[in-house]
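To start, the structure itself, in structure tokens.
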Amino acid sequence: MITLLILMGLEIGFGAWTMGWQKEKEKWLKNRLLISGIQWGLILMMLVLPVGNKALRFTGAAILLGLRFLIGGIRYLIKRRKASGERGKLRTILGTVSGCAIIFLALLPALIFTGYQGLKTTGQYEVKTVSAILTDESRLETFEKDGSHREVPIYVYYPEIRGESTDVKFPLILFSHGAFGYYQSNASTYMELASNGYVVISMEHPYHSIFTKDTEGKTIMADRGFLQDALRIGNAEDGTIPEEEIFETSRGWMKLRTEDMGFVLDEVTAKATDVQSSENGQGSMSGKVCKGISHGSSLLGEVWHVERREEMEKALAMIDLTKIGVMGHSMGGATSVTIGRTRNDVDAVIDIDGTMLGEQLSFENGVYRYYDEAYPVPLLAFNNEKHQKDYANYGTNYVNGAVLANAKDGRYTYVKGSGHVNYTDLPLFSPFLSSLLGTGSVDARGCVETMNGVILQFFDHYLKGVGELQIMDAYEITAK
């Protein structure tokens, strides 16, 4: 913002000086070139000086203002000898306005984004990543009419094992993003877990994700109808939309997402079993490649579209198939709760600020019906402050309250001053965009670091059997 004000101040000041004291066209050309050079130079300084890792944010501005300076230089060389008379007032005003518009557009990425480079991890491991797109041949893509099958992208974060270790295994964590979210929405969480000895898979739900890609490289944007329904229901006041409509719409969302998540779990566990069986029968992990498994191996099959197959097989070989946790943000949290309820291979669940929609079995005569059976596995609900107040006010009349009260091991917590999006990395990446979606007054970095610490503690306790569980009812963050 300071840079923007300085550059626009130069532009406006130059325009005022031109109209008041320096109207000759020949001198205006020279002065225009000088001001453009100063503006470009300031941006170049932002790229060179260590002022917050702003290179990516200011690269576009450097290119745009550099081109402006170059064009101004060419114009000066061509027109300086023929320039005569005074520059008109209207033309000067229009030039100043257009100059300010160019500067604003050039700096727009820097205004929207922070240059966030991730949080420092606390674990002993470096983290590597590999991705794939899985094709569910049992389901057609309902958002298309071309008869194609449902494709689900996955992104794997796993510890890098150096040396000759062959038998190390890590618990598996599967993450589901929220409505019109993105697989990197909680990247700091995946990195923190992986650095502490977990294999973390962040999956995407095509047409629910803000954008993703299919196996042909085509970019798939969020479905317009889904966006409209999610925003309409999410922003509705009590009673403005019939509860029956909300229930039926949310059932459709949950069906798609739980089928996605169940499919990914089935594929990952099946292929991890195949890879580990092959490893035990033909060789062992050594360095970066599993001995006995060559690049292009058929172990993953045609369902898996993956470029770095050896790295994917290495990650799958690390998974402890007896220790599985699931978690998600918002609608992804609700999806995780349903998966924890309906599968017997899930050992712990974290719902990050999601209403547990899948626990609602029916809505009849103005009343929701929930499961009679207690929630079967350890469950942690991470609420934002407003969500926590709703939970406190409505108790078991609210689905989350009913589930937690009837859980074998149910817990909840929240961060004071938090908003819904504070439980993602978006406020660290773009405070402007996150403010449009719902953030609180809490320090964004402190909130995410606190959440990541609690998540690690929870999974360490239930999936690794280490550490005492000391989750507070509420956390208060002091800005650093």
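The values are calculated or read from the model by the stated rules, or taken from the named source; none is laboratory data. Computed from a predicted model, the values in this text were never measured in an experiment. In this analysis, Cβ positions are derived from the backbone assuming ideal geometry, glycine residues included, and neighbour counts consider all displayed protein chains. With ligands, DNA and RNA removed, areas are computed over all heavy atoms of the protein, side chains included. Shrake-Rupley method; radii C 1.70, N 1.55, O 1.52, S 1.80 Å.
Details
- Rolling a 1.4 Å probe over the protein heavy atoms of the range 390-480, with every protein chain left in place, gives an accessible area that is 50 percent carbon and sulfur.
- Cross-link pairs exceeding 30 Å in C-alpha to C-alpha distance, out of 145/255; 120/314; 389/464; 271/464, comprise 389/464.
- Rounded accessible area per residue of the chain, 1.4 Å, Å²: 49
- For the pair residue 394 and residue 342, label points projected 7 Å from Cα toward Cβ lie 2.2 nm apart.
- Of the GluC sites (Glu not before Pro) found in the range 358-459, those that fall in a DSSP loop while having at most 16 other beta-carbon atoms within 10 Å are 373.
- Over all Cα atoms in the range 178-242, the spread is summed up by Rg and Dmax: 15.7, 47 Å.
- Restricting the range 83-170 to trypsin sites (Lys or Arg not before Pro) that sit in a DSSP loop and have at most 13 other Cβ atoms within 10 Å of their own Cβ leaves 120, 145, 162.
- Rh (Kirkwood; distinct C-alpha pairs) - the range 371-423, Å: 11.5
- Relative contact order of the chain, pairs being alpha-carbon contacts under 8 Å that are 6 or more residues apart, as %: 12
- Other residues with beta-carbon under 12 Å from the beta-carbon of residue 39 carry, at +1 per Lys or Arg and -1 per Asp or Glu, a net charge of +1.
- Accessible area of residue 394 in the full protein assembly, 1.4 Å probe (Å², nearest 10): 120
- Taking every DSSP beta bridge that has both ends in the range 158-288, the antiparallel portion is near 40%.
- Mean projected area of the convex hull spanned by the Cα atoms of the range 122-220, taken over all viewing directions: 7.5 nm².
- By the rule of a C-alpha distance below 19 Å, with chain neighbours fewer than 8 residues away ignored, the lysines paired with residue 79 are 23, 25, 27, 30.
- Only beta bridges with both residues in the chain are counted; by DSSP, about 50 percent of them are antiparallel.
- Based on the Kirkwood approach, the hydrodynamic radius assigned to the chain is 25.4 Å, with every pair of different Cα atoms included.
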